[in-house]
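Structure first, then comments.
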Amino acid sequence: MIKLQGINKYFGDNHVLKDINLHVKQGEKVVVIGPSGSGKSTMIRCINQLERPDSGDVIVDGINLMKSKAQLKQIRQEAAMVFQQFNLYPHKTVLENLTIAPILVQGKSKEEACQTGLEFLERVGLKDKADAYPAQLSGGQQQRVAIARALNMHPKIMLFDEPTSALDPEMIKEVLDVMVDLAHSGITMVCVTHEMGFAREVADHVIFMADGQILETATPEAFFDNPQNERAQQFLSKIL
Amino acid sequence: MDVNNPFALYKWQALFDARDIFIGGLITTLEVTIGALVLSILLGIIFGIAGVFPNKIIRVINRIYVEFFQNTPLVIQVIFIYNALPHLHIMLPVLLIGILGVGLYTGAYMAEVVRGGIMAVPKGQLEAAVSQGFSYWQAMWYIVLPQAKKVMLPAMANQTINLVKNTSVLAMIAGGDLMYQADSWSGSNMYYGPAYFVSGCCYWIICFALSKYINKLEKKAGV
Ligand SMILES: Nc1ncnc2c1ncn2[C@@H]1O[C@H](COP(=O)(O)OP(=O)(O)O)[C@@H](O)[C@H]1O
Ligand SMILES: [Mg+2]
């Protein structure tokens with residue numbers, strides 16, 4: 001479903017991604033973990049080309065995005081992203097946040113977009129907030145809306161970049177619950193997070209990154225209980 | 001004694017008799033204002049977006065436009081256009097030259113307003129929209145610009161008021177605007193007092209009404 005092959009990315013002189021290879025099969029859940037500045041965001045953002053690698057191939061759903069730019073728009077609809085800072089549209093209501101892209105990008109009718117939008121809002125427990133504005137919601141609620149917004153594109157892939165890192169501790173669980181529920185639906189997921197409970201429960205693989213490289217790929221049990229890589233051991237001893 | 005009083009009654013009488021000239025000038029001023037405002041907002045949006053565009057060459061074009069028109073006097077720009085166009089065998093009515101000159105000049109300021117407004121919107125907004133499959137222009141139009149509006153409106157209002165006053169540059173090229181009519185009418189009869197007083201009042205009324213109207217818009221936009 002997702003293949004990153006030999007990805008290199010520079011910001012100026014800063015070699016941020018060093019020969020990254022990643023393969024995510026359909027329906028797999030992958031959790032990416034690693035110290036701050038290790039390139040996790042840059043890597044996940046390469047998948048939907050918010051960052052363009054300097055070399056290598058990005059193949060999503062069979063399409064090589066480095067070669068065919070024309071299909072980028074289609075892939076961005078298939079691979080929906082949830083951001084650390086939520087990035088809801090503040091000038092739109094919650095429901096409008098969910099429907100604007102389906103209507104304008106996917107050409108859905110307003111009725112259809114609203115109907116499925118309300119269904120997803122119900123799924124994340126926020127149907128009663130449909131007419132509220134994002135600023136009127138708590139951080140946890142905003143992030144759940146952001147997930148519903150992503151789902152209303154009917155994506156095949158969900159990309160999460162530290163979705164709970166900007167949240168107060170008491171709000172993390174409500175977001176993780178939604179994500180676990182989503183994981184059980186069979187969608188393909190790539191998730192940058194340090195929530196170990198989440199990783200243990202849903203991840204097929206945990207990927208450990210440091211200094212722009214993937215240093216270890218393992219099952220969550222193997223990774224958390226018995227990490228092989230020295231940097232991973234150090235890192236886990238700090239966050240545990 | 002009366003002759004030395006710049007505001008002598010008979011001079012007001014003369015002004016009143018010549019009111020059609022001044023009304024004509026006022027209409028020309030309003031026409032140039034509206035034309036130049038439309039042009040400057042269009043240029044402002046185009047060059048403002050150019051100022052934050054991913055492509056560096058386009059950002060450089062924004063800088064050249066803005067720095068050129070902001071840093072040379074409007075009077076010179078307008079006189080230059082007025083004198084240069086005939087050499088290129090382009091004959092424009094003086095009204096259009098006024099719209100072009102004032103519009104280009106104000107457009108540079110509008111571009112900075114638009115650029116500042118866009119930059120005040122968090123980068124994540126454009127990214128979220130683009131990640132949903134919006135094109136760059138769709139994201140700008142539906143997501144970024146509506147949010148930038150809040151920052152842009154008050155600054156655009158100031159530019160609009162400056163624009164109204166700046167249309168008086170047309171007097172320099174016999175533009176037939178209010179300032180020109182006041183100049184030429186009082187230049188022939190020396191009744192400067194009422195001529196400039198009344199013209200000044202007209203500019204003040206237009207600008208004041210505009211700023212009130214814009215205050216109302218701002219309130220509506222929740223600034
Ligand atoms: N837009 C950018 N411009 C310049 N440097 C960047 C940019 N984004 C990230 N970086 C740098 O790239 C490196 C990796 O960043 P990032 O992918 O955000 O790491 P992580 O998500 O693991 O914390 C960091 O050194 C960061 O400073
Ligand atoms: Mg990050």
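The values are calculated or read from the model by the stated rules, or taken from the named source; none is laboratory data. Predicted model, so just to flag it, every value in this text is computed and none were measured. Backbone-built Cβ (ideal geometry, glycine too); neighbour counts: all protein chains shown. Ligands, DNA and RNA are excluded from the accessible area calculation, which covers all protein heavy atoms including side chains. Shrake-Rupley method; radii C 1.70, N 1.55, O 1.52, S 1.80 Å.
Summary of computed values
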read-out: Residue pairs, from the table B:Lys11/B:Lys165; B:Lys123/B:Lys149; A:Lys29/A:Lys129; A:Lys92/A:Lys127, whose Cα atoms sit over 22 Å apart; value: B:Lys11/B:Lys165; A:Lys29/A:Lys129
read-out: Helix A:230-239 vs. chain A, principal-axis angle (Cα, 0 to 90°, nearest 10); value: 40
read-out: For region B:9-221, size of Cβ-based charge dipole, Lys and Arg +1, Asp and Glu -1, in debye; value: 740
read-out: Total accessible area lost when B and A pair, probe 1.4 Å, Å² to nearest 100; value: 1500
read-out: Between helix A:169-183 and chain A: long-axis angle, C-alpha atoms, 0 to 90°, nearest 10; value: 90
read-out: 10 Å Cβ neighbours from other chains, averaged over peptide A:89-96; value: 3
read-out: Expected 222 nm ellipticity per residue - DSSP helices of 4 or more, -39500 (n - 2.57), all of chain A, to 500; value: -11000 deg cm²/dmol
read-out: Phi to ³J(HN,Hα) by Karplus 6.51 cos²θ - 1.76 cosθ + 1.60 over region B:212-217, Hz, x for Gly, Pro; value: 5, 4, 5, 3, 5, 4
read-out: Cα lying deepest toward the dipole's positive end in the protein assembly as shown, options B:Ser186, A:Val180, A:Gly107, charges on Cβ; value: B:Ser186
read-out: Efficiency of FRET from Cβ geometry, A:Ile239 and A:Lys173, R₀ 25 Å, rounded to 0.05; value: 0.90
read-out: Relative contact order, percent, region B:76-223 [alpha-carbon distance under 8 Å, six or more residues apart]; value: 24
read-out: Mean Cα-pair separation over length for chain A, i.e. relative contact order, pairs under 8 Å, 6 or more apart, %; value: 27
read-out: Charge tally in the Cβ shell below 13 Å around A:Glu28, where Lys, Arg are +1 and Asp, Glu are -1, A:Glu28 excluded; value: +3
read-out: Cut-off under 5 Å, modelled amide H: who pairs with A:Thr188 long-range; value: A:Gly27, A:Met158
read-out: Charge dipole (region B:9-221, unit charges on Cβ, about Cα centre) - positive-most of B:Gly103, B:Leu153, B:Gly44; value: B:Leu153
read-out: Estimated dipole of region A:103-166 in Debye, rounded to 20 [Cβ of Lys and Arg +1, of Asp and Glu -1, Cα centre]; value: 80
read-out: Summed residue charge, Cβ within 11 Å of A:Ile59's Cβ, Lys/Arg positive, Asp/Glu negative; value: 0
